[in-house]
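Asker: Encoded as structure tokens, here's the structure I'll be asking about.
The values are calculated or read from the model by the stated rules, or taken from the named source; none is laboratory data. Computed from a predicted model, the values in this text were never measured in an experiment. Glycine also receives a Cβ, built like all others from the backbone with ideal geometry; neighbour counts cover every protein chain displayed. For accessibility, only protein heavy atoms count, side chains too; no ligands or nucleic acids. Shrake-Rupley method; radii C 1.70, N 1.55, O 1.52, S 1.80 Å.
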Amino acid sequence: MNEMIKNQKKFFSTNQTLSYKYRKEQLLKLKNVIIKYEQPLKDALYHDLHKSSFEAYSTEIGFTLHSISYALKHLKQWMKPKRRKTPIFMFGSNSYIYPEPYGQVLIIGPYNYPAQLVLEPLVGAIASGNTVIIKPSEYAKEVEKVIAKMIQETFDPSYIDVVTGDYQVTSKLLDERFDYIFFTGSTRVGQIVYEKASKHLTPVTLELGGKSPTIIDESANLKKAAASISFGKFMNAGQTCIAPDFIYVHESKKNELIKLLKKEVEIRYSNEETFGHIIHQGHFNRLKNLIDDDKVVYGNQLNMENNFISPTILSDVETTDKVMQEEIFGPILPILTYSNLDELIAQLKQGEKPLALYMFSKNKKHINKVLLELSFGGGAINDTIMHVSNGHIPFGGVGQSGIGAYHGKTSFDTFSHMKSIVTKKIHHTLAYPPYSESKERLIKKILK
């Protein structure tokens, strides 16, 4: 491991990664190998998480291919130095921002989207001119094997390489000195990553999670809300960091919402053969213990043999219930009610800032109030999770739900240090000693 890191640092010092031509070539290589390994990736995703072919392509393979195409289209422009305004007291100077790569990047991926969430940040790291070590999740074992094979047959290990293994391997990696660390996973592990990075003052992006709320007021189109929430919640068997974690529905709409949610699940997610599975036995047992049988109004069909939990809806949930004490990260949907939006906002403010928030409403006053008064990573109005698909806007958390952001141009910015440069054409000495009253009068006119 130490030798691998030394080789990458040595390779970075050759400056090969700095040119547009080199970066473009590497992005094309990544795109081609993903296309080549589309079926092995699908097979591995089915084995590890029981993902359907459509879901595997749309949320992992195609998602990443689209990001590469976007980066290739805009990379030359992203790399150009950007001119900035210069204040009048610096007359005769020009100001620029030069994006430069940090150097050696470590990307640590999670198990829930085990291909996309290492390959997507890799796109940004390559575009920015860095060398990279990837650490895929050890829980998605088959995907880990495919990713390792893809990278090792495509890239020189002194440029991009893969390290496999359990949490002990990850810990040893984090003891090494990198120039940037990109981590996706739980808040608990994110805190460990942040602590280890601090020893070397290494900058980080932490894509974490939290309990992302959904608010449904009395004006909402409940049919559309039920369809969107069930899609966002039950994709990948709920193992999505921005999935709606729980619902707060206006008390007058609860019964109708539950009826519509049941109908949506029956239509779209009742086939066990096409529904995702929980990653492993430990998480299956954790989720099972979150379900209060007395509050189940739909679902709760469990198959321990293949880690299957059917879409499960809970009603009459209280904030003190076990299911409300941690991020669910599974196909369990608790429903709570509220009567006063101001009181609900005050209550939500007492919790940690979530990665996402969703609201279903036709009331502009209510929508603006929620957007203004509640802090969260990102979200949607009258939709769920789709904000993650827009490469024109940054994706990331705030507070306990994460540090930093990426996607599209933001990925390039994340893996680049923005170097500020001033070039001087006309030399003036107003700020230089010796000082005088006349100089001070003049500087007061300028700096005010």
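Asker: Report the residue count in the range 187-233 for those that are closer than 30 Å to V132 by Cβ, surrounded by 17 or more Cβ atoms within 10 Å (Cβ to Cβ) and among the polar types (S, T, N, Q).
Answerer: 4
Asker: Looking only at residues in the range 70-93 that are out of contact with any strand residue (DSSP E or B) (no Cβ under 9 Å at 6 or more places or on another chain), open to solvent by 60 Å² or more (accessible area, probe 1.4 Å) and not aromatic (F, W, Y), which one is farthest from Q116 (Cα to Cα)?
Answerer: Result: I88.
Asker: Then there is this: Answer with yes or no whether I134 is over 15 Å from K31 (Cβ atoms), crowded, with 21+ Cβ neighbours inside 10 Å, aliphatic (A, V, I, L, M) and within 19 Å of the chain's Cα centre (by Cα).
Answerer: Here the answer is yes, as I134 does meet what is asked.
Asker: While we're on this one: State which residue is most open to solvent (accessible area, probe 1.4 Å) when the search covers only the range 37-69 and only residues that are of a type in the set (D, E, K, R) and in a helix (DSSP H, G or I).
Answerer: The extreme case among them is D43.
Asker: Additional query: Among the residues that make up the range 101-121, is at least one of them among the small types (G, A, S), touching a Leu at 6+ places or on another chain (Cβ under 6 Å) and touching a residue at least 60 places away in the same chain (Cβ under 8 Å)?
Answerer: Checking the range 101-121: at least one residue is among the small types (G, A, S), touching a Leu at 6+ places or on another chain (Cβ under 6 Å) and touching a residue at least 60 places away in the same chain (Cβ under 8 Å).
Asker: State which residue is farthest from I68 (Cα to Cα) when the search covers only the range 418-429 and only residues that are in contact (Cβ under 8 Å) with a residue 24 or more places away in the chain and among the β-branched types (V, I, T).
Answerer: Taking the candidates together, the pick is I426.
Asker: Working only within the range 287-319, note down all residues that are in a helix (DSSP H, G or I), open to solvent by 60 Å² or more (accessible area, probe 1.4 Å) and either at pLDDT 95 or above or not charged (D, E, K, R) (or both).
Answerer: K288, N289, D293, D294, M304
Asker: Considering only residues of the range 265-281 that are assigned to a helix (DSSP H, G or I) and in contact (Cβ under 8 Å) with a residue 40 or more places away in the chain, which is most open to solvent (accessible area, probe 1.4 Å)?
Answerer: Filtering the range 265-281 for residues that are assigned to a helix (DSSP H, G or I) and in contact (Cβ under 8 Å) with a residue 40 or more places away in the chain, the one most open to solvent (accessible area, probe 1.4 Å) comes out as T274.
Asker: While we're here: If I go through the range 392-417 residue by residue, how many of them are open to solvent by 30 Å² or more (accessible area, probe 1.4 Å), touching a residue at least 24 places away in the same chain (Cβ under 8 Å) and not in a helix (DSSP H, G or I)?
Answerer: Here the count works out to 4.
Asker: Considering only the range 320-338, how many residues are more than 22 Å from the chain's Cα centre (by Cα) and open to solvent by less than 70 Å² (accessible area, probe 1.4 Å)?
Answerer: Within the range 320-338, residues that are more than 22 Å from the chain's Cα centre (by Cα) and open to solvent by less than 70 Å² (accessible area, probe 1.4 Å) number 8.
Asker: Restricting the search to the range 370-385, which residues are among the charged types (D, E, K, R) and open to solvent by 60 Å² or more (accessible area, probe 1.4 Å)?
Answerer: Once the filter is applied, which keeps residues that are among the charged types (D, E, K, R) and open to solvent by 60 Å² or more (accessible area, probe 1.4 Å), the range 370-385 yields only E373.
Asker: Out of the range 16-28, which residues are assigned to a helix (DSSP H, G or I) and either crowded, with 16+ Cβ neighbours inside 10 Å or of a type in the set (S, T, N, Q) (or both)?
Answerer: Scanning the range 16-28 gives Q16, T17, R23, K24, Q26, L27.
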